[in-house]
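Here is the structure we will look at, set down as structure tokens.
The values are calculated or read from the model by the stated rules, or taken from the named source; none is laboratory data. Predicted model only: the values in this text are computed from it and were never measured. When we count neighbours, we look across all protein chains shown, and the Cβ atoms used for this are built from the backbone with ideal geometry, even at glycine. The protein model used for the area step is the full one, side chains on, heavy atoms only, and it has no ligands, DNA or RNA in it. Shrake-Rupley method; radii C 1.70, N 1.55, O 1.52, S 1.80 Å.
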Amino acid sequence: MSTVLAGYGLVKKYGFTTALAGVDVEVHERDSLAIMGPSGSGKSTMLHTLAGIIRPDDGQVLLRGERIDNLGENKLSALRRKRFGFVFQFGQLLPELPAEENVALPLMLEGMPRGEAVARARRWFTPLGLDGLELRRPGQLSGGQAQRVAIARALAAEPDVVFADEPTGALDQRTSTEVVQLLTSATRETGAALVMVTHDADMAAHCDRILQVRDGRIGGHSQYTVV
Ligand SMILES: Nc1ncnc2c1ncn2[C@@H]1O[C@H](COP(=O)(O)OP(=O)(O)OP(=O)(O)O)[C@@H](O)[C@H]1O
Ligand SMILES: [Mg+2]
């Protein structure tokens, strides 16, 4: 199985806090990876470091074998737009734009003409169960619908990797299950890999693999290990 994204020896410190204490992680083609662990254990830092949002103090991040952690800011932000998709706890949709334009936005930012971008965006509405909601503004959508629009937006530019940080953190259990099922299946169908941070073991169970993070390490601290 080929490795899409990898982090080796990742270290990130904030003052006296070690958020990442030497993390090795590989994400394979079509792999879905759940990152779990207590609050403050370094999950978001790990996701942001793999996604080129935070620069590690030490270690390397490789996308299809090429280092990305040492790219300049402009190259890095272009790479994030083209190769990565993001879903956050609150979808971070633009409130004044209709749902279909929110989904089309990443394509327009890449220079696709508006009409073509919106047409491509609309194709996501049926598979994500959003038929008829194309022209609603985010404020007119339920939390679960808004997250499905955010999933469509993350997938619209056909990224290599989708990153999701607590994508169901603001939803009830039943809606969370629907959203995670759609997130994992739609991502898999595009051929992208998924890296998802969650507190919820039921949500993590939808992924192919689960990584436990404790104190900035994968697999945890020896004090947590049951021998
Ligand atoms: N910008 C920052 N400045 C200072 N410290 C930070 C910063 N970001 C994270 N930290 C610290 O690094 C550690 C890891 O934080 P991180 O956000 O990765 O945890 P997390 O596992 O995502 O937690 P949560 O489940 O609460 O979201 C924590 O101790 C946190 O306080
Ligand atoms: Mg976090």
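Brief remarks on what is shown
- Mean-position separation - Cα centroids, region 48-75 and region 189-212, in angstrom: 22
- Toward the positive end of the charge dipole of the chain, with +1 on the Cβ of Lys and Arg and -1 on the Cβ of Asp and Glu, the farthest Cα among His28, Asn102, Pro127 is that of Asn102.
- Just the protein heavy atoms count here, and of the accessible area of the chain at 1.4 Å, carbon and sulfur take up 49 percent.
- Amide proton proximity set for Gly22, modelled H, under 5 Å, gap of 5+: Leu10, Val11, Lys12
- DSSP bridge analysis restricted to the chain gives an antiparallel fraction near 50%, rounded to the nearest 5.
- Net charge, Leu109 excluded, C-beta distance under 13 Å - Lys, Arg +1, Asp, Glu -1: +3
- Those lysines that a straight Cα-Cα span of less than 22 Å connects to Lys75, excepting residues fewer than 8 apart in one chain: Lys12
- Accessible surface, region 1-68, averaged per residue in Å² (probe 1.4 Å): 44
- Once the 1.4 Å probe is applied to the protein heavy atoms, region 88-172 comes out at 44 Å² accessible per residue.
- Solvent-accessible ranking of Ile53, Ile68, largest area first, probe 1.4 Å: Ile53, Ile68
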